[in-house]
Amino acid sequence: MASSALTDASEKEESDQRDMLILLGILTGLLGFAPLFLSLRLSRRSTSTQALTIGLYGLAGVAVSLVILIAGLLACAMLARDGLVSFVVAEGVVFLGSTIVYVVYKNVLAKRRRVE
């Protein structure tokens, strides 16, 4: 009976840790999207007609986003290796999902609204 209570407590603790890592992965994914979001906004509002200037905004945003995502990945790998997969999946899904939603919104849905 006592060992059952210990295993239940251990499973509850592992579940809580996994949930916390998933939440941190979601927050890291959103934080990783922020530089990309800012660079995409800057490139759209740029008055420069040179493709190089607009491309550099995007490249800088992607580079900073990847640095943030990789820093989160390395921190999780060093501190909580057991939950690394759930952290990376949550981080990747949120980062890619937010990027896809933003690009589709800006390129498809916002243009439909202007036309009507």
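Summary of values
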{"read-out": "Compactness relative to 2.2 N^0.38 Å, alpha carbon Rg of region 27-90", "value": "1.39"}
{"read-out": "Efficiency of FRET between Leu79 and Thr7 - r from beta-carbon atoms, R0 22 angstrom, step 0.05", "value": "0.35"}
{"read-out": "Three principal axis lengths of the chain [C-alpha, angstrom, descending]", "value": "72, 35, 14"}
{"read-out": "Theoretical ellipticity at 222 nm over the chain - DSSP helices of four or more residues, -39500 (n - 2.57) apiece, nearest 500", "value": "-30500 deg cm²/dmol"}
{"read-out": "Rounded percent of accessible protein surface that carbon and sulfur make up, the chain, 1.4 Å probe", "value": "70"}
{"read-out": "Per residue accessible area of region 44-116, 1.4 Å probe, in Å²", "value": "72"}
{"read-out": "Contour excess over end-to-end distance, with Cα ends at Arg18 and Leu66 and 0.36 nm allotted per residue", "value": "15.0 nm"}
{"read-out": "Span-rule helices in the chain, defined as complete DSSP H runs reaching 27 Å or more along the axis (Cα) with Kyte mean at least 1.6", "value": "51-79, 84-104"}
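The values are calculated or read from the model by the stated rules, or taken from the named source; none is laboratory data. This structure is a prediction, so every number in the text was calculated from the model and none was measured. When we count neighbours, we look across all protein chains shown, and the Cβ atoms used for this are built from the backbone with ideal geometry, even at glycine. Note: areas computed on protein heavy atoms with side chains; ligands, DNA, RNA excluded. Shrake-Rupley method; radii C 1.70, N 1.55, O 1.52, S 1.80 Å.
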